[in-house]
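A.B. asks: Right, I'll just put the structure down here and ask away after.
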Amino acid sequence: MHYYNRKRLPLKLEAGATCHANPDRMLGISDFLSPNCPATPKTVGFLNRPRISLLPDRSVVVNISRGELIGEAALSNALITEKLAASGLDVFQNEPNVRANPRECPNVFLLPHAGMCTVRYPNCNGYADFERI
């Protein structure tokens, strides 16, 4: 496992993972990428067209964090051209209104921010969003 963080984790928490000081260098070896961070001025649009081009061909991108982290048009283009093998999205740039471009890709899997819906919390609003997707 490889990760980028502003500050390296203590070795005990790293558990053998490799920390990268530069996220762009990490992208070049990331066959599977899941950005997990808050949406801040520095992270909004993090995975854009130039950064997607750094990923190895046929990589997979999963976003369960914040929709604003990934440029949906750039992601859709990478899926259509098969630069990316697939993508799984649980969050979107303009929730709850999902733009057409990711929905049109056959190799994208969409969930309506349903990670919060569990057996203990079955009446969450996420289920209502399935119809919007």
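A.B. asks: On the basis of being exposed (fewer than 14 other Cβ atoms within 10 Å of the Cβ), charged (D, E, K, R) and modelled with pLDDT of 95 or more, does Arg6 make the cut? Don't jump to the end; show me each part of the working.
C.D. replies: Working: exposed (fewer than 14 other Cβ atoms within 10 Å of the Cβ): yes; charged (D, E, K, R): yes; modelled with pLDDT of 95 or more: no.
Considered against the rule, which asks whether it is exposed (fewer than 14 other Cβ atoms within 10 Å of the Cβ), charged (D, E, K, R) and modelled with pLDDT of 95 or more, Arg6 comes out as no.
A.B. asks: So which residues in region 18-38 are modelled with pLDDT of 95 or more and small (Gly, Ala, Ser)?
C.D. replies: Across region 18-38, the qualifying residues are Gly28, Ser30, Ser34.
A.B. asks: I need the full set of residues from region 11-42 which are closer than 18 Å to Ser53 by Cβ, part of a helix (DSSP H, G or I) and among the hydrophobic types (A, V, I, L, M, F, W, C), in order please. Break it down stepwise before answering.
C.D. replies: Quick first cut of region 11-42, residues closer than 18 Å to Ser53 by Cβ only: 20, 22-33, 35.
Filter again for part of a helix (DSSP H, G or I), leaving 23-27.
Selection gives Met26, Leu27.
A.B. asks: Out of Arg8, Arg25, Arg58, report the one residue that is touching a strand residue (DSSP E or B) at 6+ places or on another chain (Cβ under 6 Å) and without any contact (Cβ under 8 Å) to a residue 12 or more places away in the chain.
C.D. replies: Values: Arg25 fails: touching a strand residue (DSSP E or B) at 6+ places or on another chain (Cβ under 6 Å); Arg58 fails: without any contact (Cβ under 8 Å) to a residue 12 or more places away in the chain.
When all the criteria are applied, what remains is Arg8.
A.B. asks: Just give me the residues in region 47-76 being at pLDDT below 95, part of a loop (DSSP other than H, G, I, E, B) and not polar (S, T, N, Q), in sequence order.
C.D. replies: Ile64, Arg66, Gly71
A.B. asks: Filter region 81-114 for residues that are modelled with pLDDT of 65 or more and part of a helix (DSSP H, G or I); which is surrounded by the most Cβ atoms within 10 Å (Cβ to Cβ)?
C.D. replies: Of the residues in region 81-114, the ones modelled with pLDDT of 65 or more are 81-99, 101-114.
Filter once more, keeping what is part of a helix (DSSP H, G or I): 101-103, 114.
On the way: Asn101: 16, Pro102: 20, Arg103: 14, Ala114: 16.
Per the criteria, the residue is Pro102.
A.B. asks: Looking at (1) under 11 Å from the mean Cα position of the chain (by Cα); (2) farther than 16 Å from Phe109 by Cα, which is the only condition Ser87 fails?
C.D. replies: (2)
A.B. asks: Any chance region 37-49 includes a residue that's crowded, with 16+ Cβ neighbours inside 10 Å and outside the structural domain of Asn94 (by TED's automatic domain parsing)?
C.D. replies: no
The values are calculated or read from the model by the stated rules, or taken from the named source; none is laboratory data. Fair warning: this is a prediction, and the values are worked out from it, not measured in the lab. Note: ideal-geometry Cβ built from the backbone for every residue, glycine included; neighbour counts use all protein chains shown.
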